[in-house]
Structures are given as structure tokens and as C-alpha cells.
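Take a look at the structure set out below.
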Amino acid sequence: CKPESFDTLIFARYRLGVNDRQPTFHAMTRRIVLLVYPGFQVLDAAGPLAAFEAANAFVPDSYLLELIARDGGLVASSGGTRLAATAFSNRAGDDTLIVTGGDGVFAAAECALTVGFVSNSGAALRRIASVCSGAYLLATAGLLHGRRATTHWRRSQDFARRFPDVQVDADRIFTRDGKV
């Protein structure tokens, strides 16, 4: 339970600055979707979910969070934990796609529907990202061609060999290149 004064301070701060150039709370809401697939790393989903959840504590409803998968339903992680996801077909209104990593990324990168979805998302969304080995799926979808990228340090050499058109920064925690 947050103290009432905390909410009052947040809302008062934004009310004082509202004009035609500042968005309303509703306009600021962004839909963040995380792509999971059989064999995803649960930490690669839980970490981003927790980060955006924490951001929502400061400015409520800034981010709407959803897990998505090719067929939806319960999706098993590499450790066996199953998370509920929505099917990724016919999506509208998403702002950001985050592709999770994990050992299942190689099978996901062989699925034409999944690769096509990621490729189309790269063209349609404001931003797209991956966590660790999720970069394999972005690269397979052509979204990293000619860009700087990183992946899990243990897979950096293999990634660079498989995707020579990607400039791999093996010693980075993250990279940003345009909207990717």
C-alpha cells in the first residue's frame, strides 16, 4: 500500500505540466509483449516483467505486459515451469516485442511462423529487443542485419559464426542500434 501523499505528488506533478506537448497517462501506456516458446529461459521472461512492473509502481499503468507464443496456452520453460501465453496471431496495439532467450531458441528459429511473426513485428513496432540468446531469433528474422548486437557471452562466438552480417559486441551487457 503506497502512502496517499506519494500518489498525490505523482499526479500533481503531471497535472501542473499538462499541455498539448505532454501526453496524458492513457497516451503514455505502452503494451510490452514477451515472446516465449518451448524451452525458453524463465529468467529471460521474469527479469523484463519485473523491471516493467517496477516502472508501473512509479507511474501506474505505463506498461501493459503480456506473454505471447505461437499457439498460446501453457508454454514450458527449459526448467519445466509453464507460463500462460496468448497466441501471437492477429496482434494490434503492441509497442514493444521482447524475445526471450533459452535453449529452445534454436527450434523457434526453425519455425517459419515464429520467424515471420518476429520479422513483421520488427517492421511494425516502435521497438524490438531480445534477452541473451533471443538474439538468434532476431538475427534469423533479418532484424540484426548490418546492426550491432550482443548475446549471451557463452554463445557469442557461435552467434558471430552463424550471422557474419551482424556486428557482435561480445563484451556488452546490451546494445542499442536504432529501434532494436
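In whole Å, what are the extents of the stretch 106-180 along the principal axes defined by its C-alpha atoms, from largest to smallest?
The Cα atoms of the stretch 106-180 stretch 30, 26, 19 Å along their principal axes.
For helix 4-16, report the angle its Cα long axis makes with the longest principal axis of the Cα atoms of the chain; keep it between 0 and 90° and round to the nearest 10°.
Compared with the principal axis, the helix lies near 90 degrees.
Tally the DSSP beta bridges in the chain and give the antiparallel ones as a percent, rounded to 5. Present the calculation step by step, with values, prior to reporting the outcome.
Numbers: 4 of 23 bridges.
Antiparallel bridges make up about 15 percent of those DSSP assigns within the chain.
Which order do peptides 138-144, 53-59, 97-103 fall in by mean Cβ count within 10 Å, highest first?
Values: 138-144: 22.7, 53-59: 12.1, 97-103: 24.4.
The packing order, highest mean first, is 97-103, 138-144, 53-59.
Calculate the dipole size of the chain relative to its Cα centre from +1 charges on Lys and Arg beta carbons and -1 charges on Asp and Glu beta carbons; express the result in debye to the nearest 20.
Values: 20 positive and 17 negative charges, 71 e Å.
Rounded to the nearest 20 debye, it is 340 debye.
Grab the other residues whose beta carbon is less than 14 angstrom from that of residue 127, score K and R as +1, D and E as -1, and report the net.
Values: positive: 30, 31, 126, 147, 176, 179; negative: 94, 95, 177.
It works out to a net charge of +3.
Can you list residues whose amide H is under 5 Å from residue 148's amide H, if they're 5+ apart or on another chain and H is modeled 1.01 Å from N?
167
Mind sorting out which of [x] 37; [y] 42; [z] 46 is the real percent of Cα pairs over 24 Å apart computed from the coordinates?
[y]
Nearest 10 degrees, 0 to 90: what angle lies between the long axis of helix 112-124 and the longest principal axis of the chain (Cα atoms)?
So the inclination is approximately 40 degrees.
Got the relative contact order for the chain handy, in percent, Cα pairs under 8 Å and 6 or more residues apart? Mind showing how you got there, number by number?
Details: 307 pairs, mean separation 31.5, N = 180.
Averaging sequence separation for qualifying contacts and normalising by length gives 18 percent for the chain.
Counting only other residues whose beta carbon sits under 9 Å from that of residue 175, what net charge do I get with K and R as +1, D and E as -1?
Values: positive: 147, 148, 172, 176; negative: 169, 177.
Around residue 175, the charge tally is +2.
FYI, it's all coordinate maths here, none of it is from the lab. No experiment lies behind these values; they were computed from the predicted model shown. Because the Cβ atoms are built from the backbone with ideal geometry, glycine has one as well, and the counts that use them run over all protein chains shown.
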